[in-house]
Amino acid sequence: MSSDEPLRLVGGTGSPYTHKMVALLRYRHIPYAIEWGDPANFLDSLQVEQPKPIFMPTFVFQDAAGELEAACDSTPIIRRLEAMYPERSVLPNDPVLAFLDYLLEDFADEWCTKYMFHYRWYPAADADNAGTLLPLSVDVSLPSEAHAHFKTYITDRQVGRLYVVGSNDTTAPVIDASYRRFLAAMESHLGNQKFMLGARPGAGDFGLFGQLTQLVAFDPTPRAIAHEVSPRTVAWVDHMRDQSGCHPAESDWLALEDQPDSLRELLAEVGRVYAPAQLANAEAVRAGEKTWESQIDGAAWTQRTFPYQAKCLQWTNERYQALSTEERARVDQLLAGTGVESMLFTD
Ligand SMILES: N[C@@H](CCC(=O)N[C@@H](CS)C(=O)NCC(=O)O)C(=O)O
């Protein structure tokens, strides 16, 4: 596909992964054409086969012969885009920084999305807000009757799925405490530098940004918390939206040894909550159990088992194991005591 033809994608304004990818396309100067709506309908209109499962955003790639192919899942799509468009990369060349960037992207996509889903549907005021806005995000001209019907349908469906991500009366305070610590770590870190790994954004920044677009700008409860705990994060979300004017240089990736301590503060949250969740989930997948229970941050946690998240853990470990002995030692030194080390294995 020629790089000046716009890349087509379909997604939603209430979808964090859609914002992750649109901001990345803007930063990378990749021409794109986004359709706001339902991916399945969009693919039907193009007569393109649906990927399974189908998610927002869905991309439509064109091969050399002009054949259209739909793809979902932002993390591999980011790598695919790196091969298609080499300029303004979001992946550090230094394998150690690349590993940390991947870790942050994974944490954003798989754990921070729990903040997003929990606050969207657990507090009644937020569920009402999302129930009203999400149908309109698919069709702003939706007739009132259809709107009311869609609002009830989506609210019932999503509130009914809260338990799937582990949001319930027992875990609500754990999720809330984690969100607040995460914001406090972001406040410290952004006080030191503009992006997670220096003066240019990596894939991890876009992952965090995607979830934060919703937490800071769509759902009222987490928005109020963000304004209280981390005004820098609120301002950062506005900046991240459009980094087309950023002129990244290789030296803008800050070497691991020069990173401020605030990076460890962020990683400590990854180790405190995400690492135990990932280990318990992977164990449940191995044992063929449909749900799992564990202690997270000193409290009982139970949720459905996700084979996809076990794969995430495996991919993280494949990347960890691909590091040289010297690189791994540098990563280990940074991670020692954060808890992240508990989810990394050398064999
Ligand atoms: N791992 C995927 C996740 C994408 C995803 O979960 N998208 C949500 C919307 S933000 C979705 O389409 N969910 C379908 C559903 O809830 O049925 C990615 O990184 O793109």
Check: Ser137 versus (1) open to solvent by 30 Å² or more (accessible area, probe 1.4 Å); (2) more than 19 Å from the chain's Cα centre (by Cα): which is the lone unmet condition?
Finding: (1)
Notebook entry, point to check: Somewhere in segment 89-106, is a residue within 12 Å of the ligand (Cβ to nearest atom) and of a type in the set (Gly, Ala, Ser)?
Noted result: no
Margin query: When the residues of segment 41-58 are narrowed to those that are out of contact with any Gly (no Cβ under 8 Å at 6 or more places or on another chain) and within 11 Å of the ligand (Cβ to nearest atom), which ends up farthest from Pro31 (Cα to Cα)?
Written below: Pro53
Check: Being over 30 Å from Glu265 (Cα atoms), buried (at least 16 other Cβ atoms within 10 Å of the Cβ) and either away from the ligand (no atom under 16 Å from the Cβ) or of a type in the set (Gly, Ala, Ser) (or both), is that true of even one residue in segment 119-126?
Finding: no
Check: Take the residues of segment 35-58 that are touching a residue at least 40 places away in the same chain (Cβ under 8 Å) and in contact with a Leu (Cβ under 8 Å, 6 or more places away or on another chain): which is surrounded by the fewest Cβ atoms within 10 Å (Cβ to Cβ)?
Finding: Pro57
Note to self: Whether any residue in segment 143-154 is among the basic types (Lys, Arg) and in a helix (DSSP H, G or I) is what I want to check.
What the structure shows: yes
Margin query: Looking at Arg304, Arg264, can you tell me which residue is in contact with a strand residue (DSSP E or B) (Cβ under 6 Å, 6 or more places away or on another chain) and open to solvent by 50 Å² or more (accessible area, probe 1.4 Å)?
Written below: Arg304
Note to self: Would you confirm whether or not segment 66-75 contains a residue that is of a type in the set (Val, Ile, Thr) and either within 14 Å of Val10 (Cα to Cα) or over 25 Å from the mean Cα position of the chain (by Cα) (or both)?
What the structure shows: no
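Matching residues to (1) closer than 30 Å to Arg319 by Cβ; (2) among the small types (Gly, Ala, Ser):
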position	(1), (2)
Val96	yes, no
Phe99	yes, no
Ala108	yes, yes
Ala125	no, yes
Gly131	no, yes
Val138	no, no
Leu142	no, no
Item checked: The lone exception for Ala322 - which of (1) open to solvent by less than 60 Å² (accessible area, probe 1.4 Å); (2) of a type in the set (A, V, I, L, M, F, W, C); (3) at pLDDT 95 or above it fails -> (1)
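Yes or no, residue by residue, for (1) away from the ligand (no atom under 13 Å from the Cβ); (2) part of a helix (DSSP H, G or I); (3) surrounded by 13 or more Cβ atoms within 10 Å (Cβ to Cβ):
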{"residue": "Val10", "(1), (2), (3)": "no, no, yes"}
{"residue": "Thr13", "(1), (2), (3)": "no, no, yes"}
{"residue": "Tyr17", "(1), (2), (3)": "no, yes, yes"}
{"residue": "Met21", "(1), (2), (3)": "no, yes, yes"}
{"residue": "Ala33", "(1), (2), (3)": "yes, no, no"}
{"residue": "Val60", "(1), (2), (3)": "yes, no, yes"}
{"residue": "Gly66", "(1), (2), (3)": "yes, no, no"}
Note to self: So, in segment 187-225, how many residues would count as being touching a residue at least 60 places away in the same chain (Cβ under 8 Å) and open to solvent by 40 Å² or more (accessible area, probe 1.4 Å)?
What the structure shows: 5
Margin query: It is to be established whether one or more residues within segment 69-87 are more than 16 Å from the ligand (Cβ to nearest atom), outside any helix (DSSP H, G or I) and in contact (Cβ under 8 Å) with a residue 60 or more places away in the chain.
Written below: yes
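The values are calculated or read from the model by the stated rules, or taken from the named source; none is laboratory data. Being a predicted model, the structure only gives us computed values, none of them experimental. Reconstructed Cβ throughout: ideal geometry from the backbone, glycine too, with neighbour counts over all protein chains shown. To get the accessible areas, we keep the full protein, side chains included, count just its heavy atoms, and leave off ligands, DNA and RNA. Shrake-Rupley method; radii C 1.70, N 1.55, O 1.52, S 1.80 Å.
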